[in-house]
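As structure tokens, the structure follows; a few thoughts come after it.
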Amino acid sequence: MTDAAEAKKSKVGTLYVVATPIGNLDDMSARALKVLADVALIAAEDTRHSIRLMQHFGIGTPLAACHEHNERNEGGRFLERLLAGDDVALVSDAGTPLISDPGYHLVRQVRAAGLPVVPVPGACALIAALSAAGLPSDRFIFEGFLPAKAAGRRTRLEHVKEEPRTLIFYEAPHRILECLEDMQAIFGDERPAVLAREISKTFETIRSLPLGELRAFVAGDSNQQRGECVVLVGGWSAPEEGELVDKQAQRVLGLLLAEMPLKKAAALAAEITGVRKNVLYQFALSLQKGQ
Ligand code: SAM
């Protein structure tokens with residue numbers, strides 16, 4: 001028996017976690033529409049936002065606020081309805097609730113009370129971005145939003161610098177450029193990256209470039225600093241045997257670093273020694289940090 005069927009039998013309600021579109025309203029699933037129309041109450045991140053979506057689809061179910069400021073304390077209100085046998089749907093402003101959105105505390109409370117929580121899958125920006133990015137998708141990590149302040153952001157990026165899985169970040173448009181600048185400085189110019197902007201909307205752009213070029217592309221076009229975006233970065237790959245920076249390459253790099261900026265020195269040393277530019281770049285960065 002499914003969780004929802006068991007709940008019906010024991011006369012308690014089910015909490016449905018319902019994904020809504022991240023731009024294109026045609027991405028609303030038939031099942032999501034049915035659940036939203038059938039439940040007794042919709043717990044919404046922003047009722048004013050969700051009411052427009054419900055009106056668009058002709059859904060008249062009552063809405064109640066469930067946002068990050070009240071979900072801890074007022075989750076009990078939804079729990080009471082569930083215990084009384086009413087089904088409740090949880091939605092956020094866009095995409096899948098709980099994914100950089102409210103809902104975690106409510107889901108936890110409901111599960112802790114032994115009541116069923118049923119996902120109604122649909123759009124999620126990180127998964128949509130990953131599905132089209134062309135970066136390894138077998139293993140990835142989602143880092144959500146980076147800290148807004150530069151120091152916190154850099155610390156977090158340093159933590160994942162040698163992470164071999166594909167990295168996925170959400171970022172606000174007004175911080176996208178500084179975020180890419182920090183990524184370039186920490187991960188290196190050559191790390192493959194993808195900017196997935198305005199997915200499923202009119203100005204959807206999915207641009208795949210090495211980090212240095214991606215930063216330059218965004219810096220040179222203010223349109224790329226607008227709208228919603230996901231940044232994906234290829235995982236770190238350990239230098240292969242033979243690609244390690246041998247004594248000769250270290251010597252060449254050291255001499256060049258004394259004469260020119262790090263990026264240029266790494267590029268020139270790569271040409272002279274045949275060692276990959278990114279490997280030398282990372283090595284030069286570690287030398288600088290060690291000084
Ligand atoms: N719960 C949502 C989900 O399932 O993806 C994410 C909500 S989070 C508050 C909003 C962030 O998701 C945006 O700042 C952006 O990074 C990303 N995002 C949402 N919609 C997007 C879209 N259409 N294109 C690109 N990124 C999007």
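The values are calculated or read from the model by the stated rules, or taken from the named source; none is laboratory data. All figures in this text were calculated on a predicted structure; none of them were measured in a lab. Note: ideal-geometry Cβ built from the backbone for every residue, glycine included; neighbour counts use all protein chains shown.
Residues of region 9-24 being within 31 Å of the chain's Cα centre (by Cα) and in a loop (DSSP other than H, G, I, E, B), which ones?
Within region 9-24, T14, A19, P21, I22, G23, N24 meet the criteria.
Evaluate the following for A37: is it surrounded by 13 or more Cβ atoms within 10 Å (Cβ to Cβ) and part of a helix (DSSP H, G or I)?
Details: surrounded by 13 or more Cβ atoms within 10 Å (Cβ to Cβ): yes; part of a helix (DSSP H, G or I): yes.
It is true that A37 is surrounded by 13 or more Cβ atoms within 10 Å (Cβ to Cβ) and part of a helix (DSSP H, G or I).
Can you list the strands (runs of 3 or more DSSP E) found entirely within region 97-201 that contain at least 1 residues being surrounded by fewer than 19 Cβ atoms within 10 Å (Cβ to Cβ) and within 16 Å of the ligand (Cβ to nearest atom)?
Numbers: elements: 117-120, 140-145, 166-171, 192-197.
Of the strands (runs of 3 or more DSSP E) lying wholly inside region 97-201, those with at least 1 residues that are surrounded by fewer than 19 Cβ atoms within 10 Å (Cβ to Cβ) and within 16 Å of the ligand (Cβ to nearest atom) span 117-120, 140-145, 166-171.
Hey, which of the helices (runs of 4 or more DSSP H) in region 225-291, taking only ones fully inside, have at least 1 residues that are farther than 19 Å from A185 by Cα and out of contact with any Leu (no Cβ under 9 Å at 6 or more places or on another chain)?
Working: elements: 247-257, 262-273, 277-290.
Filter on region 225-291 gives 247-257, 262-273.
L209 is checked against (1) of a type in the set (A, V, I, L, M, F, W, C); (2) more than 28 Å from D26 (Cα to Cα); (3) in a helix (DSSP H, G or I) and fails just one. What number does that condition carry?
Every condition holds for L209 apart from (3).
Evaluate region 61-68: report whether one residue or more is in a helix (DSSP H, G or I) and among the hydroxyl-bearing types (S, T, Y).
Initial filter on region 61-68 (in a helix (DSSP H, G or I)): none.
No.
Is it the case that L214 is of a type in the set (A, V, I, L, M, F, W, C), within 16 Å of the ligand (Cβ to nearest atom) and assigned to a helix (DSSP H, G or I)?
Details: of a type in the set (A, V, I, L, M, F, W, C): yes; within 16 Å of the ligand (Cβ to nearest atom): yes; assigned to a helix (DSSP H, G or I): yes.
In short, yes.
Examine region 238-248 for a residue that is at pLDDT 95 or above and surrounded by 18 or more Cβ atoms within 10 Å (Cβ to Cβ), and state whether such a residue exists.
Restricting attention to region 238-248, the residues satisfying the condition of being at pLDDT 95 or above are none.
No, region 238-248 has no match at all.
Please verify whether E213 is in the same structural domain as Y170 (by TED's automatic domain parsing), of a type in the set (D, E) and at pLDDT 85 or above, treating the condition exactly as stated.
On the way: in the same structural domain as Y170 (by TED's automatic domain parsing): yes; of a type in the set (D, E): yes; at pLDDT 85 or above: yes.
Taking the combined requirement at face value, the residue satisfies it.
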